[in-house]
Amino acid sequence: MASCWWRWRWRRGCSWRPAARSPGPNSAGRAALSAPRAAAAAATVAVARAQMSCCNLMKSLTSAFPNMYRGSRFHHVTPVACCCSKTQSGEKYSDPFKLGWRDLKGLYEDIRKELFISTAELKEMSEYYFDGKGKAFRPIIVVLMARACNIHHNNSRNVQASQRAIALIAEMIHTASLVHDDVIDDASSRRGKHTVNKIWGEKKAVLAGDLILSAASIALARIGNTTVISILTQVIEDLVRGEFLQLGSKENENERFAHYLEKTFKKTASLIANSCKAVSVLGCPDPVVHEIAYQYGKNVGIAFQLVDDVLDFTSCSDQMGKPTSADLKLGLATGPVLFACQQFPEMNAMIMRRFSSPGDVDRARQYVLQSDGVQQTTYLAQRYCHEAVREISKLRPSPEREALIQLSEIVLTRDK
C-alpha cells in the first residue's frame with residue numbers, strides 16, 4: 001500500500017503535486033528564510049492541511065485505490081468521515097489514555113519485576129527508562145485493541161492476563177530497541193535525560209538492551225501460545241532488518257522512498273502491528289479480526305513515525321526530549337527530505353553522501369523548510385491514519401474502538 005501511494009504521487013502527480021520550485025538557500029536576489037520563521041510557516045501550513053475535509057480526502061482515496069477501499073466483510077461498519085473521537089450521537093469519549101490505563105495500573109512495577117537482577121549496576125541500567133515518564137503509547141494501543149477484539153468476538157469486556165502481558169512485552173521490546181539505537185547513533189539524550197550509553201558506556205548499554213530483550217522473551221514464553229510467540233519474535237527480526245536498511249541508501253528516487261517506508265515499518269510499525277495481532281489471536285479465533293488488528297497497528301505505526309520525522313524539523317529539543325535535526329546529522333533522509341528533493345534536485349548529492357560534507361546539514365534543513373516536504377509528509381501520515389480508522393471501524397462499536405479511532409487523531413496532532 002505504502003509503495004503504491006508513493007508511486008502514485010511520484011509518477012501520476014494527482015493531489016501530491018509539488019509546489020512550484022522555490023529558490024534555494026543560496027539563490028541570488030532572495031535572502032534565505034531563518035529556520036524559526038520557516039519552521040513556524042511550515043507548521044502553520046501543515047495544520048491547515050491537516051484540517052482539510054476528511055470527506056474529500058476519503059473520496060480521493062476511494063477513486064485512487066478502489067481495491068484497498070472495497071466493501072467490508074463485517075456487519076458492524078461505521079462510515080468513516082473523519083478521524084474524530086465522537087460517537088454517532090456526538091458524545092465525546094474520555095481520553096483514550098485514561099481508558100487504556102485502567103488495564104495498565106502497575107505497568108512499570110510489573111516490568112521491573114520481570115527484570116529481577118541481583119547485580120545492582122545492571123539492574124539500574126535495565127530499569128533506567130522504565131521510570132513512568134514515557135508515553136506508554138504502545139501498551140495503551142495493545143490493551144485497547146484487546147478489549148475491542150474481545151467485545152467484537154463475544155462481548156467480553158475483560159482483558160485476559162495473557163493479553164495484558166503482551167502490553168508489557170511490547171514496551172520491553174520497544175525500550176530495548178531504544179537502548180540499542182542510542183548506542184548505534186551515539187545519542188546523548190532521550191526523554192529529557194542522558195542515555196544509558198552516555199552514563200554507563202556503549203558496551204554496558206548493549207548488554208542492558210540484551211537483558212531487557214531476554215526478559216521480554218521469557219515473559220513471552222510463559223504465555224505458552226506458539227502462534228503468539230511466532231508473531232512477536234517476528235518483531236525482533238524486523239527491528240534488526242530495519243536497522244540494516246537504515247544503514248543503507250538507494251540512488252533511484254522511487255526506490256529510495258520505498259526503502260524509507262520499508263525501514264519505517266520494520267523499525268517502528270512492526271511492533272505495534274504484531275502486538276495488536278497477538279492480542280487479537282488471544283481473544284478471538286477469527287483470522288479476519290487478526291488482520292484488522294494488524295492493519296490498524298501497521299498504519300498507525302507508520303503514521304506515528306512519519307509525524308516523528310516531521311517533528312524533527314518543526315519542534316524544539318525541549319519539546320522532543322532529544323536533539324532535533326538529529327536524522328540529518330545521522331545521515332538519514334526521511335520523508336520531509338525526500339519530498340523536498342523533488343523541488344531541489346541538488347539535494348540528491350547530499351543524500352547520497354549522507355550529509356557528510358561541511359554545511360550539508362544546514363543547507364538540507366533550509367531546503368526542507370522552503371519546500372513542501374513537511375506538508376507532504378504530514379499529508380501522507382493523514383492517509384495512513386485514515387486507513388487505520390477504516391480498518392478498526394469494521395469491529396463492533398465499543399468505547400475501546402472509538403478510543404483507537406481517537407488515538408489516530410492524537411498521532412497526527414502530537415507535538416512531541
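The values are calculated or read from the model by the stated rules, or taken from the named source; none is laboratory data. No experiment lies behind these values; they were computed from the predicted model shown. Reconstructed Cβ throughout: ideal geometry from the backbone, glycine too, with neighbour counts over all protein chains shown. Side chains included, ligands, DNA and RNA excluded: accessible areas come from the protein's heavy atoms. Shrake-Rupley method; radii C 1.70, N 1.55, O 1.52, S 1.80 Å.
If you go through segment 267-275 one residue at a time, do you hit one that is open to solvent by 10 Å² or more (accessible area, probe 1.4 Å) and over 19 Å from Leu245 (Cβ atoms)?
Within segment 267-275, not a single residue is open to solvent by 10 Å² or more (accessible area, probe 1.4 Å) and over 19 Å from Leu245 (Cβ atoms).
Of Thr175, Thr227, which residue is open to solvent by 70 Å² or more (accessible area, probe 1.4 Å), closer than 24 Å to Leu144 by Cα and of a type outside the set (Asp, Glu)?
Only one candidate passes the filter, namely Thr227.
Collect the residues in segment 98-149 that are within 17 Å of Arg191 (Cα to Cα), within 25 Å of the chain's Cα centre (by Cα) and assigned to a helix (DSSP H, G or I), keeping them in residue-number order.
Those that are within 17 Å of Arg191 (Cα to Cα), within 25 Å of the chain's Cα centre (by Cα) and assigned to a helix (DSSP H, G or I): Tyr108, Ser126, Glu127, Phe137, Arg138.
Report whether or not Ala136 is of a type in the set (A, V, I, L, M, F, W, C) and free of Cβ contacts under 8 Å to residues at least 40 places away in the same chain. Break it down stepwise before answering.
Values: of a type in the set (A, V, I, L, M, F, W, C): yes; free of Cβ contacts under 8 Å to residues at least 40 places away in the same chain: yes.
Here the answer is yes, as Ala136 does meet what is asked.
Assuming Thr195 fulfils every condition listed in (1) within 14 Å of Asp131 (Cα to Cα); (2) open to solvent by 50 Å² or more (accessible area, probe 1.4 Å) apart from one, which condition is it?
Here Thr195 meets the rest and fails (2).
Output the helices (runs of 4 or more DSSP H) that fall wholly within segment 223-340 and possess 3 or more residues being closer than 26 Å to Tyr379 by Cα and among the aromatic types (Phe, Trp, Tyr), or say none.
Output list reads 287-314.
Of all residues in segment 208-224, which are within 18 Å of Leu239 (Cβ to Cβ) and either buried (at least 16 other Cβ atoms within 10 Å of the Cβ) or acidic (Asp, Glu) (or both)?
Ala208, Gly209, Asp210, Leu211, Ile212, Leu213, Ala215, Ala216, Ser217, Ala219, Leu220 - these are the residues of segment 208-224 that are within 18 Å of Leu239 (Cβ to Cβ) and either buried (at least 16 other Cβ atoms within 10 Å of the Cβ) or acidic (Asp, Glu) (or both).
Listed residues Thr413, Thr378; which is surrounded by fewer than 20 Cβ atoms within 10 Å (Cβ to Cβ), under 29 Å from Tyr294 (Cβ atoms) and polar (S, T, N, Q)?
Thr413 is the lone residue from the list that is surrounded by fewer than 20 Cβ atoms within 10 Å (Cβ to Cβ), under 29 Å from Tyr294 (Cβ atoms) and polar (S, T, N, Q).
Matching residues to (1) β-branched (Val, Ile, Thr); (2) under 17 Å from the mean Cα position of the chain (by Cα):
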| site | (1), (2) |
| --- | --- |
| Glu243 | no, yes |
| Ser249 | no, no |
| Lys266 | no, yes |
| Cys284 | no, no |
| Ala293 | no, yes |
| Ala303 | no, yes |
| Leu306 | no, yes |
| Val310 | yes, yes |
| Cys316 | no, no |
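Of (1) out of contact with any helix residue (DSSP H, G or I) (no Cβ under 7 Å at 6 or more places or on another chain); (2) of a type outside the set (Gly, Ala, Ser); (3) closer than 29 Å to Asp131 by Cβ, Lys204 satisfies all except one. Which?
(1)
Just to be sure before I move on: is Ser189 surrounded by fewer than 19 Cβ atoms within 10 Å (Cβ to Cβ), without any contact (Cβ under 8 Å) to a residue 40 or more places away in the chain and of a type outside the set (Asp, Glu) in the structure I sent?
Details: surrounded by fewer than 19 Cβ atoms within 10 Å (Cβ to Cβ): yes; without any contact (Cβ under 8 Å) to a residue 40 or more places away in the chain: no; of a type outside the set (Asp, Glu): yes.
It is false that Ser189 is surrounded by fewer than 19 Cβ atoms within 10 Å (Cβ to Cβ), without any contact (Cβ under 8 Å) to a residue 40 or more places away in the chain and of a type outside the set (Asp, Glu).
So in segment 95-146, with the set limited to residues that are acidic (Asp, Glu) and within 15 Å of Leu404 (Cβ to Cβ), which one is least open to solvent (accessible area, probe 1.4 Å)?
Asp103
What residue, among those in segment 237-251 that are buried (at least 19 other Cβ atoms within 10 Å of the Cβ) and at pLDDT 95 or above, is farthest from Arg164 (Cα to Cα)?
It comes out as Gly242.
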